[in-house]
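The values are calculated or read from the model by the stated rules, or taken from the named source; none is laboratory data. In this text the structure is predicted, and so the values were computed from the model without any measurement. A quick note on method: Cβ atoms are made from the backbone with ideal geometry, for glycine too, and the neighbour counts reach across all protein chains shown. Side chains are part of the model used for accessible areas, which takes the heavy atoms of the whole protein and leaves out ligands, DNA and RNA. Shrake-Rupley method; radii C 1.70, N 1.55, O 1.52, S 1.80 Å.
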Amino acid sequence: MLFSSTVFLFYFLPVVLLLYFVSPRWLKNTILLVTSLFFYAWGEPRFVLIMLASIVMNYVFGFMVDKYRDDAKKIKWTMVLMLLGNLGMLGVFKYASFFVENVNSVFGFSLNDPDIPLPLGISFFTFQAMSYVIDVYRNDGRLQKNLFDLALYVSFFPQLIAGPIVRYQTVADEIVDRRETVDDFVSGIQRFVIGLGKKMILANSCGYVADQVFSQSAGDLSTTLAWIGVIAYSLQIYFDFSGYSDMAIGLGRMFGFHFLENFNYPYISKSVSEFWRRWHISLGSWFRDYVYIPLGGNRQGPWKTYRNLTIVWLLTGVWHGASWTFIAWGLYYGIFIMLERAFLGKWLAAWPAWLAHAFTLFIVVIGWVFFRADNFTYATEYLQVMFGLHGGEVFDQTAYYYIVQYGVVLVISMIAATPLPKMLVARFLRHEVSTDRPVLAASAGLARAAYIMLIFGISISYVVSSTFNPFIYFRF
Amino acid sequence: MEQQTKSEQVRSKRRRLSWVVNSILLIGFLGTIFYGLAVYAFGTEQARSDSEGRMLAQRPDPSVETILDGTYMEEFEASANDQVFERYMWIETQAWVQRNVLQQQMNNGVISIDEFLYAPDPVASDYSSLGVFFKELQKEMSEADIPSYFASAPSKPVYATRQGIFPDYIESADAENRGQLHARLEENEIPLIDLEETLGDQPGKDIYFKTDHHWRPEGAFMAYEQIMERLSEQFPDAPALSMEDMEIKSVDGPFYGSHAREISMPYVESPDQFTYLEPKDGFTTTVCRNGDDCGHSVLDTDVLKNSTKFTNYYNLFMGDNYAQSKITQNKKKNDYHLLVLKDSYANPMLGYLGESFGTVSALDVRYFDDYDVSIADYAKENEVDAVLFVHNDRIRGLGSMYQEGL
């Protein structure tokens with residue numbers, strides 16, 4: 001079930017809110033757990049069992065690490081088993097086909113593709129579950145003795161499908177003791193609506209352009225169209241993902257949970273390292289705290305630092321998908337981050353801000369080509385077209401069409417990807433707390449409410465119109 | 001003391017303002033989602049969407065089997081989408097934002113230019129599949145000594161291309177596709193009746209609906225006159241109607257055609273006035289549909305009853321499309337039997353042809369699933385005198401259907 005669907009907006013969400021807020025305190029977590037399992041089962045009934053298996057397995061590992069914490073040998077084996085269990089599950093469901101395909105290709109075998117369907121959100125809930133066991137081991141979070149509360153942490157529907165990856169220590173206290181307030185609830189509404197607007201109005205419009213361009217053979221594209229396609233995709237993936245995170249954070253807040261931020265205007269970064277501190281923050285910090293630092297981080301000399309970075313960025317690529325293009329994409333960032341550590345970072349810091357910013361955007365946009373392309377051949381051809389190395393046209397009628405038809409939404413999206421709109425809104429809304437100008441304060445407050453409701457209405461119109469399906473049989 | 005009181009007043013004002021703003025957001029957000037829930041749970045389900053021209057999905061009944069295999073959820077989502085409250089208002093709102101805020105000129109493949117709506121086709125086609133069919137048809141018809149003709153009407157986008165109506169950024173392969181269609185006809189020696197010769201110089205408003213993809217009945221009548229002139233060599237005793245014989249009638253109320261439904265209302269500048277032609281003495285034919293459903297008229301006036309905003313008045317002609325229709329003159333003026341292979345473009349013309357030929361059969365391959373019929377067998381068994389295709393040039397999807405239907 002997607003947040004941006006009529007089923008979620010008009011059926012699931014109101015029912016959950018009603019059940020939750022009329023229930024006594026002792027029943028609230030149960031309500032959230034049952035509805036979260038229902039939410040997951042809606043799209044993938046049979047995969048609920050896999051998520052439950054993951055929950056029970058990590059519940060047991062939690063007890064084991066708590067018990068064997070002081071026994072070096074046992075705790076080591078417990079952690080190894082925990083990693084094998086979680087990564088094994090992820091490996092089977094997400095990477096088995098990729099593994100078989102490559103073994104067949106390299107060794108000339110003809111092993112059958114297991115063709116195992118991918119359970120929704122498995123990368124997210126597996127990382128969350130691992131975070132629980134590791135946090136308990138490190139004493140960053142206390143042991144959760146109540147299986148249902150742990151199940152709620154892993155399966156809580158706002159962050160279940162697409163994150164953010166909520167660390168156990170972030171919500172450990174709120175799972176057992178939290179307060180829902182009107183201010184939090186209203187702030188949750190605002191955040192949810194902004195996220196819905198990002199997804200429906202901006203991401204989907206940009207996504208349409210990107211899909212149209214990337215569905216064509218690279219050789220058929222003009223240089224301008226190829227750039228339009230990848231810029232549209234860069235905007236789509238940002239608004240899609242950050243919009244979903246906003247919705248998750250907003251929904252969490254409605255129920256009294258406070259998740260950490262997952263995006264912070266990544267496209268204004270002036271270096272690749274900064275980009276990754278602003279993009280999918282929960283994943284970056286997960287790898288930093290659970291992989292990079294345990295490997296030694298940057299404390300064991302430059303070569304081990306580069307080794308650790310290589311491992312982290314290889315895993316980052318692998319986490320995103322079972323494909324060599326994702327792995328290449330991860331390593332691509334790893335290389336730039338190592339270069340920045342070696343010397344590029346100093347250069348970028350010395351460059352004028354606009355140049356460092358342009359350079360970073362350029363690197364990021366090129367990286368999205370690998371992320372979006374189905375295979376290396378297409379990615380390479382696409383890049384050739386972008387740089388005019390294909391011998392084709394620089395500009396064509398199709399590019400002209402996309403500029404006229406989608407130019408405004410692309411420009412709006414570019415502006416919205418910067419903090420500028422937020423700064424302008426904040427500047428206006430500060431009058432809301434004005435002490436000496438009550439009329440202005442009231443206007444600002446009402447304008448905020450009107451703005452949110454306007455975005456909500458437009459977003460719903462986009463949700464509903466995406467189901468518009470005029471049956472005109474044939475166009476004769 | 002005075003300072004403290006003032007500060008307390010300020011805090012109190014802030015609290016009140018915050019309360020008002022929070023209340024608006026809570027009522028607006030919760031009111032909307034709970035209203036949506038209430039309408040779905042307790043409201044009456046809508047059966048049909050006139051704007052989309054289709055039946056709407058209904059709430060499914062759950063069963064263990066459908067829940068486990070996920071079909072219940074799929075059907076529930078489909079019904080939730082279709083039955084959402086004020087569905088068309090939301091769709092129009094989105095279109096309004098798209099047009100007026102995001103400045104998007106096209107919606108669902110349709111563009112609005114000077115009150116006319118067009119759906120240019122950017123995909124080029126060589127009509128090879130139709131070429132195969134033409135070859136096979138010619139072979140069959142030659143054996144039975146039945147001549148074939150192809151009356152080719154220019155589609156609206158072809159007309160717009162020729163007239164230079166489309167802006168530069170619009171990609172339309174329609175004119176090129178029309179050339180390809182005619183090339184396939186020429187290769188297979190099927191005589192072409194190029195209706196563009198008659199219609200190409202006419203003002204667009206006289207031959208096409210503004211909001212529909214079809215031609216107007218007046219345009220169809222001009223095409224009929226050209227066809228009759230051409231067929232008069234083979235059918236000298238077939239009387240041809242002239243415009244003086246006809247009376248133009250209008251339907252009360254606006255007509256929003258297929259393109260208006262596709263692009264949605266914020267893009268529609270003005271509706272059409274739906275008109276139809278009828279001989280001054282009335283039509284003198286009877287229609288049978290799909291074999292034995294007889295007693296119908298070429299003008300199905302039932303369509304005019306209980307009309308709504310999006311009633312498709314074009315169904316007035318022949319009462320919609322049927323796999324097989326047979327128009328028989330009540331008092332036969334001749335024994336000619338013309339077989340028309342057609343799509344909906346031909347519907348207004350069938351009534352006119354019916355006044356000229358003793359019998360006119362019409363086959364529409366798009367609906368052959370509803371009625372088991374073969375084009376070649378039908379032509380031979382009914383001893384038709386000629387086969388006449390009446391199409392516009394947007395028929396690249398018909399090749400395989402025609403091959404199967406032969």
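Before moving on, here are some points about what is shown:
- Within the range A:196-222, tally of residues that are within 12 Å of chain B (Cβ to nearest Cβ) and in a loop (DSSP other than H, G, I, E, B): 1
- Taken together, the residues in the range A:261-306 that are under 13 Å from the mean Cα position of the chain (by Cα) and aliphatic (A, V, I, L, M) amount to 2.
- Any chance A:ASP177 is modelled with pLDDT under 90 and farther than 24 Å from A:MET82 by Cα: yes
- Of all the residues in the range B:211-253, those that are in a loop (DSSP other than H, G, I, E, B) and among the hydrophobic types (A, V, I, L, M, F, W, C) number 4.
- Selection over the range A:250-260 of residues that are open to solvent by 10 Å² or more (accessible area, probe 1.4 Å) and either under 16 Å from the mean Cα position of the chain (by Cα) or within 20 Å of A:LEU18 (Cα to Cα) (or both) gives a count of 3.
- Single condition A:LEU18 does not satisfy, out of (1) part of a helix (DSSP H, G or I); (2) modelled with pLDDT under 90; (3) under 30 Å from B:VAL84 (Cβ atoms): (2)
- Residues located in the range B:285-308, provided they are part of a loop (DSSP other than H, G, I, E, B) and surrounded by 15 or more Cβ atoms within 10 Å (Cβ to Cβ): B:ASN290, B:SER297, B:VAL298, B:ASP300, B:SER307
- Residues that are open to solvent by 80 Å² or more (accessible area, probe 1.4 Å) and more than 20 Å from B:THR32 (Cα to Cα), drawn from the range A:436-462: A:ASP436, A:ARG437, A:VAL439
- Listing of helices (runs of 4 or more DSSP H) fully contained in the range A:368-475 that carry 3 or more residues being modelled with pLDDT under 90 and more than 7 Å from every other protein chain (Cβ to nearest Cβ): A:420-429, A:438-465
- Scanning the range B:254-268 for residues that are in contact with a helix residue (DSSP H, G or I) (Cβ under 7 Å, 6 or more places away or on another chain) and either in a strand (DSSP E or B) or more than 14 Å from every other protein chain (Cβ to nearest Cβ) (or both) gives a single hit, B:PHE255.
- Single residue of the range B:204-237 satisfying the filter (of a type in the set (D, E, K, R) and touching a Gly at 6+ places or on another chain (Cβ under 9 Å)) that is surrounded by the fewest Cβ atoms within 10 Å (Cβ to Cβ): B:ASP206
Per-residue answers, yes or no, for (1) without any contact (Cβ under 8 Å) to a residue 12 or more places away in the chain; (2) among the aliphatic types (A, V, I, L, M); (3) surrounded by 24 or more Cβ atoms within 10 Å (Cβ to Cβ):
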site	(1), (2), (3)
A:VAL186	yes, yes, no
A:VAL193	no, yes, yes
A:VAL213	no, yes, yes
A:ALA218	no, yes, no
A:GLY229	no, no, yes
A:PHE241	no, no, no
A:ALA248	no, yes, yes
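- Any hit, the range B:169-191, residues being open to solvent by 50 Å² or more (accessible area, probe 1.4 Å), within 14 Å of chain A (Cβ to nearest Cβ) and assigned to a loop (DSSP other than H, G, I, E, B): yes
- Residue check for B:ASP335: under 21 Å from B:SER232 (Cβ atoms), out of contact with any Ser or Thr (no Cβ under 6 Å at 6 or more places or on another chain) and surrounded by fewer than 16 Cβ atoms within 10 Å (Cβ to Cβ): yes
- Taking the range B:35-68 as the range and being under 28 Å from the mean Cα position of the chain (by Cα) and farther than 17 Å from B:PHE85 by Cα as the test, the residues that pass are B:GLY53, B:ARG54.
- Of the helices (runs of 4 or more DSSP H) lying entirely inside the range B:43-141, those carrying at least 1 residues that are open to solvent by 60 Å² or more (accessible area, probe 1.4 Å), more than 8 Å from every other protein chain (Cβ to nearest Cβ) and touching a residue at least 60 places away in the same chain (Cβ under 8 Å) are B:87-96.
- Every residue from the range A:18-36 that is within 14 Å of chain B (Cβ to nearest Cβ) and open to solvent by 10 Å² or more (accessible area, probe 1.4 Å): A:LEU18, A:LEU19, A:PHE21, A:VAL22
- Flag if A:LEU150 is within 14 Å of another protein chain (Cβ to nearest Cβ), buried (at least 17 other Cβ atoms within 10 Å of the Cβ) and at pLDDT 90 or above: no
- Failed item in (1) among the β-branched types (Val, Ile, Thr); (2) within 20 Å of B:GLY399 (Cα to Cα); (3) modelled with pLDDT of 95 or more, with B:THR211 passing the rest: (2)
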